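One structure is given below, encoded as structure tokens.
Each reported figure results from applying straightforward, stated rules to the coordinates on display, with no laboratory input. Here the structure is a predicted model, which means the values were calculated and not measured. Heads up, the Cβs are rebuilt from the backbone with ideal geometry, glycines too, and the neighbour counts pull from every protein chain shown.
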Amino acid sequence: MTDERKPMDMKAAFSLQGRRALVTGSARGIGKAIALAFAEYGATVAVHGVRAGDTLDRTLAEVRALSPRSAAVTGDLAEPGAASRIVAAAADAIGAPDILVINASVQLRRPWLEVTPDEALLQMQVNFHASLQLIQAAVPAMRQQGWGRIVTVGSVQEQRPHPDMIVYAASKSALENLMRNLAKQIGPDGITINNLCPGVFATDRNLEALANPTYAEQVRARIPVRDFAEPQDAAGAALLLCSAAGRYITGTTLCVDGGMSVA
């Protein structure tokens, strides 16, 4: 018996034309690179920052050059109720998001005995609790239309926790577990959820640490490809997971770490 189905049009499969995406923490870094890629491939994008400012304005201008109907939304995910307000603001600006990329997070470096209760709670609130709340706010509209894509942005620390980022690493492990749990529950509704797991990226968050040449070489030596990632290295993976090309991928973690997780 032959398979008479037409081969996939790969160019069309990666298109996000007509889709609406909310990317949290997208004023800069990995989130910005993902927002720009989505806009380039046809999506209308809600870029997000904690507050209005020049950085968010510049990012929105770049995104709008590719996708003119895109908009900016603001909100501090450390605040109670912020997640649902951000999703509502995105819906008002571009229409209910059918793509949600949860990229915003808080990372505090401390020896574990020095971590204060407030620091631990802040990281868990933004990195885990607000992520659940974003999903809770976005999924009903996705269910209604029978299509949705959710990507949580984790960290190589899910598998290789840094000793001075004990709460951050734990929060990302919890987020990965949440993703796997939800994949079974929302898959029948036409919604996929996956975890994009970055390694060491040369973003603002890591510049200070990587400015130390000795430390930088120690880290590079633990990465099989012997190089740090750039923000755009995450964009292709996110595009795959959020397009028709990735329709059969759910409940998985896609590592963009140069092999660090297996080194």
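Quick rundown of the values:
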quantity: Unique residue being over 19 Å from the mean Cα position of the chain (by Cα), of a type outside the set (D, E) and surrounded by fewer than 23 Cβ atoms within 10 Å (Cβ to Cβ) when the list is L175, L207, L182; calculated: L207
quantity: Residues of the range 232-251 that turn out to be closer than 14 Å to T152 by Cβ and in contact (Cβ under 8 Å) with a residue 60 or more places away in the chain, as a count; calculated: 6
quantity: Scan of the range 201-227 for residues that are aromatic (F, W, Y) and either outside any helix (DSSP H, G or I) or within 16 Å of T253 (Cα to Cα) (or both), ordered by number; calculated: F201
quantity: Residue count, the range 149-179 (criterion: over 17 Å from A238 (Cα atoms) and of a type in the set (D, E, K, R)); calculated: 4
quantity: Answer residue from the range 155-200, given it is touching an Asp or Glu at 6+ places or on another chain (Cβ under 7 Å) and in a strand (DSSP E or B) and is nearest to A130 (Cα to Cα) among those; calculated: N195
quantity: Any hit, the range 133-142, residues being within 29 Å of Y248 (Cα to Cα), touching a Leu at 6+ places or on another chain (Cβ under 6 Å) and of a type outside the set (D, E); calculated: yes
quantity: Complete set of residues in the range 1-36 that are of a type in the set (A, V, I, L, M, F, W, C), over 16 Å from D76 (Cα atoms) and crowded, with 23+ Cβ neighbours inside 10 Å; calculated: L16, A21, I30, A33, I34, A35, L36
quantity: Helices (runs of 4 or more DSSP H) enclosed by the range 44-124 - at least 1 residues per element that are among the hydroxyl-bearing types (S, T, Y), closer than 14 Å to V23 by Cβ and out of contact with any Pro (no Cβ under 6 Å at 6 or more places or on another chain); calculated: 54-66
quantity: Filter result (of a type outside the set (D, E) and surrounded by 17 or more Cβ atoms within 10 Å (Cβ to Cβ)) within the range 148-160; calculated: G148, R149, I150, V151, T152, V153, G154, S155, V156, Q157, Q159
quantity: Subset tally (residues that are closer than 16 Å to Y41 by Cα and surrounded by fewer than 19 Cβ atoms within 10 Å (Cβ to Cβ)) for the range 215-240; calculated: 3
